[in-house]
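The structure under discussion appears below in the form of C-alpha cells.
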Amino acid sequence: MPHEGSLLQTAVIFLLAAVVAVPLAKRLQLGAVLGYLLAGVAIGPQALGLIRDTESVAHISELGVVLLLFIIGLELSPKRLWLMRKSVFGVGTAQVLLTGAIIGAIALFGFSQTLPAAIVLGLGLALSSTALGLQSLAESKQLNAPHGRLAFAI
C-alpha cells in the first residue's frame with residue numbers, strides 16, 4: 001500500500017486537475033466527461049508526469065467506482081426499479097450481452113486476446129458506459145426525458 005502522504009498528494013493532484021480541466025472543457029462545449037479524460041491524460045506519465053504511482057491511482061479509482069454506485073443508488077428507489085423492470089432486465093441485459101459480444105469479438109480476433117481475456121474486456125467495457133452516459137444526460141438535462149429514463153434503465 002502506498003504511503004499515506006503520496007495517496008493524499010495524488011488525490012489533491014486529481015482534484016486540482018479536474019477543477020482546471022472540467023470548466024475549460026465545458027467552456028469549449030466538450031462536456032465534463034471529456035474534461036476528466038483530458039485532465040487524466042495531462043497529469044499522467046506520458047504528458048506532465050505528475051502521477052506515476054499506479055497503485056495510488058488504483059486505490060482512488062476504486063473509491064470512484066464506489067461513489068458512482070452510491071450516486072446511482074440514490075437515483076434508484078425500489079418503486080422506480082419495479083416500474084422500470086422490463087427496461088432494466090430486458091433491454092439492459094440485451095445491451096450488455098450484445099455490446100460485450102461485439103467488443104469481445106474485436107478483442108479476440110482484432111487484438112489476438114485469449115477467450116477469457118476477450119470476455120472480461122467485452123463485458124467490462126460494456127458496463128463502463130454507465131458513467132459516460134449518465135453524466136452526458138445529466139449535463140444536458142435529459143435524464144428525466146423518456147429516452148433518458150430508458151438509458152438510465154439500460
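The values are calculated or read from the model by the stated rules, or taken from the named source; none is laboratory data. The structure displayed is predicted, hence computed values, not measured ones. No Cβ is skipped: glycine too gets one built from the backbone with ideal geometry, and neighbour counts run over all protein chains shown.
Inspect all residues belonging to the range 65-77 and state whether any of them is over 21 Å from Leu137 (Cβ atoms) and either assigned to a loop (DSSP other than H, G, I, E, B) or among the basic types (Lys, Arg) (or both).
No, the conditions are met nowhere in the range 65-77.
The residues in the range 70-108 that are touching a helix residue (DSSP H, G or I) at 6+ places or on another chain (Cβ under 6 Å) and farther than 16 Å from Ala153 by Cβ can be counted, and the count is 5.
Residues are listed down the side, and each one gets a yes or a no for (1) of a type in the set (Ser, Thr, Tyr); (2) assigned by TED's automatic domain parsing to the domain that holds Leu143; (3) touching a residue at least 60 places away in the same chain (Cβ under 8 Å):
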| site | (1), (2), (3) |
| --- | --- |
| Phe14 | no, no, no |
| Ala21 | no, no, no |
| Arg27 | no, no, no |
| Gly31 | no, no, yes |
| Gly100 | no, yes, no |
| Gly104 | no, yes, no |
| Pro116 | no, yes, no |
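Residues of the range 98-105 include at least one that is of a type outside the set (A, V, I, L, M, F, W, C), over 30 Å from Ala11 (Cα atoms) and under 18 Å from the mean Cα position of the chain (by Cα). All of (1) surrounded by fewer than 13 Cβ atoms within 10 Å (Cβ to Cβ); (2) in contact (Cβ under 8 Å) with a residue 12 or more places away in the chain; (3) within 27 Å of Ile119 (Cβ to Cβ) hold for Glu75 with one exception: (3).
Could you please let me know if Val19 is of a type in the set (Val, Ile, Thr) and surrounded by 13 or more Cβ atoms within 10 Å (Cβ to Cβ)?
Judged against the criteria, Val19 is not a match.
For the range 126-154, filtered to residues that are farther than 18 Å from Val88 by Cα and in a helix (DSSP H, G or I), the residue that is modelled with the lowest pLDDT is Gln135.
Condition check ((1) within 20 Å of the chain's Cα centre (by Cα); (2) of a type outside the set (S, T, N, Q); (3) in a loop (DSSP other than H, G, I, E, B)) across all residues:
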site: Leu30; (1), (2), (3): yes, yes, yes
site: Ala47; (1), (2), (3): no, yes, yes
site: Ser61; (1), (2), (3): yes, no, no
site: Gly92; (1), (2), (3): yes, yes, no
site: Val96; (1), (2), (3): yes, yes, no
site: Leu108; (1), (2), (3): no, yes, no
